[in-house]
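Working notes for the structure below.
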Amino acid sequence: MDIIDRLKQCLEPASLIYGDSLREHPACVFLIPKAIIRPQSTTELSKALAVCHELGQVVVSRGGGSGLVGGCVSTSEDVLLSLERMNQIEEIDALSRTATVQAGVVLQSLQEAVAEQDLFFPLDLGARGSATIGGNLATNAGGNRVIRYGMSRDMVLGLEVVLADGRVISSMNSVIKNNTGYDLKHLFVGSEGTLGVITRAVLRLQPAPISENTAMVAVSDFASLTALLGQADKLLGGGMSAFEVMWQNYYEAVCQEGKRHRYPFTEQYPFYVLIESLGADQETDKQRFASALEVLFEQGLIADAVLAKSQNEAEALWAIRDDVEALMEIFPYFVFDVSVPLKHMESYVAEVHKGVQEAWPDDSCCITFGHLGDGNLHFVIRAAGLYEEVRSQVNDIVYLPLRSRSGVVSAEHGIGLEKRSYLDISRSAIEIELMKTIKSNFDPKNILNPGKIFEL
Ligand SMILES: Cc1cc2nc3c(=O)[nH]c(=O)nc-3n(C[C@H](O)[C@H](O)[C@H](O)COP(=O)(O)OP(=O)(O)OC[C@H]3O[C@@H](n4cnc5c(N)ncnc54)[C@H](O)[C@@H]3O)c2cc1C
């Protein structure tokens, strides 16, 4: 009996797609897997994984498919696992400020559901309308508010996971303090579907912010930029929730004539920063924000500022930062997401810009922006030549200078297939060996997302 017949025996018909029906599934745009499992419960998934394990069948987990490093790429020999039908918000507990959800819940649906109860799930990213909680946890997603609320890892209290052989680990802890031995959930957070399938989670919620203040400020040099980060955080009394930096070339690419956004400033500056602060009192916070900007002016850290006076104005400023689609006009390009300690950031960016310029003097650009508050930088690089032929040269220009600066080759999206050959820049040989030992232990037949993060 082949894998499809065996899966048919343990799954209800709606939970298995195979044959011609596969082409109708949105996950099958480029690659058609052998079958798609869409379980409706943990029990059903557990049975399916037990069968896959017995037959040595590779299983690739997929959430919203918004990851950008090839984490859910599958072949025609693989079974794709989609949690799209496990999308229930089971409970929002206002008293303990937790949400218990199935892993297929779309991030934006959770944000909206908790907001209705005057609560706040702080994780936020551009792909909020498609990314799932399972995918967010499996990639330890970060996003816009990491400086205030941390990464996905910091927002999870408990997890339920199905292991490769179908065993279910129910670690649905809901209290903040729990020091009873190894905290196993953290092994699965950021494991990119290689150690187990996340099926449910208990998430930590926050009180909904009452005030929101936003400004875009212009900065004249890099030293002022890093000083501004520390000063703004101090003056805003820990309320700062975003510190998004745009290098001049990003700002120019998004705002130039004919684009969807108007220049907020009449002059040009080397850097622009979007600062957001969330708080609990509209009037006091507004005053604190405005006087913080005044002090920053007096200290010479900012050269100009535009303070949003309404929600619409705040959204217009955020739209400049979020409009990466405006960069399509330089396509084809390569997108990077790295971290580097602040003290090395200026020299690192200069080295990457120089490397790109020297390699392709006539047709290249290196657009730069990032969540600077947590050391995270994005580059969108255009390099002359055929996409695949220049890819490894561009990768080397971006990743290799990270080694001497204790930088990180993946700040947010994970390693997937894309960054495997650069993993040793950010992880020591012994760390990689230990990761492989953990993988072999959890998944001895190597059926869960094999080849992602590293080859065994
Ligand atoms: C416009 C845009 C903006 C983005 N901005 C950010 C950002 O600011 N910060 C950030 O961190 N990321 C960002 N991303 C990347 C992406 O949205 C995140 O990595 C997100 O967490 C992926 O969720 P997903 O459900 O789409 O997962 P997928 O892309 O489907 O999968 C990602 C990985 O997780 C695994 N996986 C998925 N579900 C499960 C599960 N239930 N159990 C185990 N493994 C699973 C997959 O096998 C794969 O390895 C952005 C992407 C886009 C397109």
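Observations on the structure shown:
- The residue that is farthest from residue 197 (Cα to Cα), counting only those in region 17-60 that are without any contact (Cβ under 8 Å) to a residue 24 or more places away in the chain and assigned to a strand (DSSP E or B), is 18.
- When region 440-456 is limited to residues that are within 14 Å of the ligand (Cβ to nearest atom) and in a loop (DSSP other than H, G, I, E, B), the one that is farthest from residue 67 (Cα to Cα) turns out to be 443.
- Put simply, of 350, 314 the only residue that is assigned by TED's automatic domain parsing to the domain that holds residue 413 and either more than 20 Å from residue 256 (Cα to Cα) or not in a strand (DSSP E or B) (or both) is 350.
- The condition of being touching a Ser or Thr at 6+ places or on another chain (Cβ under 7 Å) and over 30 Å from residue 3 (Cβ atoms) holds for only one of 429, 411, that being 411.
- Residues of region 248-273 that are in contact with a Ser or Thr (Cβ under 7 Å, 6 or more places away or on another chain) and either of a type in the set (Lys, Arg) or surrounded by 21 or more Cβ atoms within 10 Å (Cβ to Cβ) (or both): 250 alone.
Yes or no, residue by residue, for (1) within 16 Å of the ligand (Cβ to nearest atom); (2) part of a strand (DSSP E or B); (3) β-branched (Val, Ile, Thr); (4) assigned by TED's automatic domain parsing to the domain that holds residue 37:
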residue: 199; (1), (2), (3), (4): yes, yes, yes, no
residue: 216; (1), (2), (3), (4): no, yes, no, no
residue: 228; (1), (2), (3), (4): no, no, no, no
residue: 232; (1), (2), (3), (4): no, no, no, no
residue: 237; (1), (2), (3), (4): no, no, no, no
residue: 242; (1), (2), (3), (4): yes, yes, no, no
residue: 246; (1), (2), (3), (4): yes, yes, no, no
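- Selection within region 70-95 - under 14 Å from residue 31 (Cβ atoms), more than 22 Å from the chain's Cα centre (by Cα) and surrounded by 19 or more Cβ atoms within 10 Å (Cβ to Cβ): 78, 79
- Conditions (1) touching a helix residue (DSSP H, G or I) at 6+ places or on another chain (Cβ under 9 Å); (2) more than 11 Å from the ligand (Cβ to nearest atom); (3) open to solvent by 20 Å² or more (accessible area, probe 1.4 Å): number failed by residue 67: (2)
The values are calculated or read from the model by the stated rules, or taken from the named source; none is laboratory data. Not measured: the values here are computed from a predicted model. Glycine also receives a Cβ, built like all others from the backbone with ideal geometry; neighbour counts cover every protein chain displayed. Calculation scope for accessible area: heavy atoms of the full protein, side chains included, ligands and nucleic acids excluded. Shrake-Rupley method; radii C 1.70, N 1.55, O 1.52, S 1.80 Å.
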